[in-house]
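Coordinate-derived values only; no laboratory data. Everything quoted here is computed from the prediction, not taken from an experiment. Cβ placement follows ideal geometry from the backbone for every residue including glycine, while neighbour counts extend to all protein chains displayed.
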Amino acid sequence: MTSRVFVRAESAPGEKRVAASPDSVRKLRAAGLDVSVASGAGRYAGISDEAYAGAGATIVPTGHQVELDVLFHVRPLTASDLGSLPTGVITVGVVDPFNHVPVLQKAASSGLTTFALDFLPRISRAQSMDVLSSQALLAGYKCVLLAADAFDRIFPMTMTAAGTLAPARVLVLGAGVAGLQAIATAKRLGGVVSAYDVRSSSADEVRSVGGTFISLDLEAADAAGGYARELGEARAQRQRELLTPFVEAADIIITTAAVPGRPAPQLITSAMMAGMKPGSVVVDLAAETGGNVEASAPGELISFPVTAGQVTVIGVQDIQSELAVDASKLLAMNFANFVTALTVDGTVLPDFSDELVSGSCLTHEGAIIHPRITELLTEEVAR
Ligand code: NAD
């Protein structure tokens, strides 16, 4: 039986991305799938209904019921989204499971099969499906542009007949996908870039994109899958002390540190910022998930008082939507690559012996089945 994929229009305020493009529709169709797209779903990503229809999708007018086997969503589903989905539907998208446990419980009891693309194992076969990487890459780039725009100087060292302009000193904290892209972008703009991360492999990664790695007298904190471990409070405090002189020396700071399933680690307190130079700019990419910077708030630009002036603190929110065209283009192929890998003769048939499936499937046949979520629930019950 041919599986029917439906691509919804995102309705969260500020969300401009969409989970399909004409190219991804063609790829899904070539795998034998039926594709329908909500009218206007690509409006903010520069994709018209006609473009989707031209690629072979059926356009579903607003308010019309659609028959579907697979739902594509960019933002995590809400409990009310689930209400309209029949038992047996497969949902594919960004789930942010640790912050949406009640929705997952409802998805399980509604008999939905939930795939979280943000839970895919970081294996080479999953790279073309990796929404975290594709979106973090764009976020890292955009953070630097936001900083450059708010900075009242230029980045490159410039020698003119009227005098020499010193280069901007850029500090990047957290050198995962977003941080490495921020380093590369700041470097291309002419900044002098240094960076720090707690993972042991990050020094080489930072150097490979042209940054100087800051070695702190602090043990590495690696966890499984290439991720970082959360630091205990004593080590986090020591890290902040050791970072303070680098924070004070920076003109631009971009923070991107994250630990899966945990609030973002606080790397820069307001006390640390007191010694910064006036005119400096701090961009906190983690503002929406707890903040790496004590003074930041998501979606806000704050003037933080320091001696003889102010530091601008930008708390990032919905940053990928500011690049909705490219973000959607990459997301769309992430979704299509994942779903076509699960498709046999036009039917989406997840094979649970495949680690792509077992690593990303959270609910199936009436239960939450992912060990990381079931562990979390057991811990909560025990508390
Ligand atoms: P992430 O978004 O989970 O975290 C961002 C960065 O913050 C990480 O580099 C992390 O080490 C760092 N961090 C956490 N706590 C910190 C602290 N207290 N101080 C400083 N830095 C801190 O990370 P990500 O961008 O998703 O990347 C995670 C890993 O996955 C990396 O090792 C990356 O190279 C790897 N990766 C692998 C693939 C693949 O397909 N093989 C694809 C993408 C990423």
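For (1) within 19 Å of Leu77 (Cβ to Cβ); (2) in contact with a strand residue (DSSP E or B) (Cβ under 9 Å, 6 or more places away or on another chain); (3) of a type in the set (Val, Ile, Thr), each residue gets a yes or a no:
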| residue | (1), (2), (3) |
| --- | --- |
| Glu10 | yes, yes, no |
| Arg17 | yes, no, no |
| Pro22 | no, no, no |
| Val25 | no, yes, yes |
| Ala30 | no, no, no |
| Leu33 | no, yes, no |
| Ser36 | yes, yes, no |
| Ser48 | no, no, no |
| Thr58 | no, yes, yes |
Unique residue being crowded, with 20+ Cβ neighbours inside 10 Å and of a type in the set (A, V, I, L, M) when the list is Ala166, Ala224, Ala228, Ala150 | Ala228
Scanning for something more than 26 Å from Val316 (Cα to Cα), within 16 Å of the ligand (Cβ to nearest atom) and either buried (at least 19 other Cβ atoms within 10 Å of the Cβ) or β-branched (Val, Ile, Thr) (or both), does region 118-125 turn up at least one residue?
-> yes
Criterion (assigned to a loop (DSSP other than H, G, I, E, B), hydroxyl-bearing (Ser, Thr, Tyr) and on the phi < 0 side of the Ramachandran plot) met by exactly one of Ser296, Ser321 | Ser296
Identify, please: which residue in region 251-287 is of a type in the set (Gly, Ala, Ser) and within 15 Å of the ligand (Cβ to nearest atom) and is, among those, surrounded by the fewest Cβ atoms within 10 Å (Cβ to Cβ)?
-> Gly261
Can you pull out the strands (runs of 3 or more DSSP E) entirely within region 135-247 that have at least 3 residues that are within 15 Å of the ligand (Cβ to nearest atom) and of a type outside the set (Phe, Trp, Tyr)?
-> 169-173
Residue ID - nearest to Gly14 (Cα to Cα), chosen from residues in region 291-307 that are under 20 Å from the mean Cα position of the chain (by Cα) and surrounded by 15 or more Cβ atoms within 10 Å (Cβ to Cβ) | Pro298
Criterion (more than 21 Å from Gly191 (Cα to Cα) and touching a helix residue (DSSP H, G or I) at 6+ places or on another chain (Cβ under 6 Å)) met by exactly one of Gly315, Gly291, Gly299, Gly309 = Gly315
Quick one: how many residues across region 97-127 are more than 15 Å from Phe335 (Cβ to Cβ), small (Gly, Ala, Ser), out of contact with any strand residue (DSSP E or B) (no Cβ under 7 Å at 6 or more places or on another chain) and in contact (Cβ under 8 Å) with a residue 60 or more places away in the chain?
-> 2
Criterion violated by Val92 - all others in (1) assigned to a helix (DSSP H, G or I); (2) surrounded by 13 or more Cβ atoms within 10 Å (Cβ to Cβ) satisfied = (1)
When Ile314 is run through (1) in contact with a Ser or Thr (Cβ under 9 Å, 6 or more places away or on another chain); (2) under 28 Å from Lys106 (Cα atoms), the failure sits at (2)
Taking strands (runs of 3 or more DSSP E) that fall entirely within region 19-76, which contain at least 2 residues that are without any contact (Cβ under 8 Å) to a residue 60 or more places away in the chain and within 28 Å of the chain's Cα centre (by Cα)?
-> 34-38
Tabulated pairs, region 149-166, first without any contact (Cβ under 8 Å) to a residue 60 or more places away in the chain, second of a type in the set (A, V, I, L, M, F, W, C) and exposed (fewer than 12 other Cβ atoms within 10 Å of the Cβ), C-beta under 9 angstrom, 6+ apart or interchain = Leu165/Met159
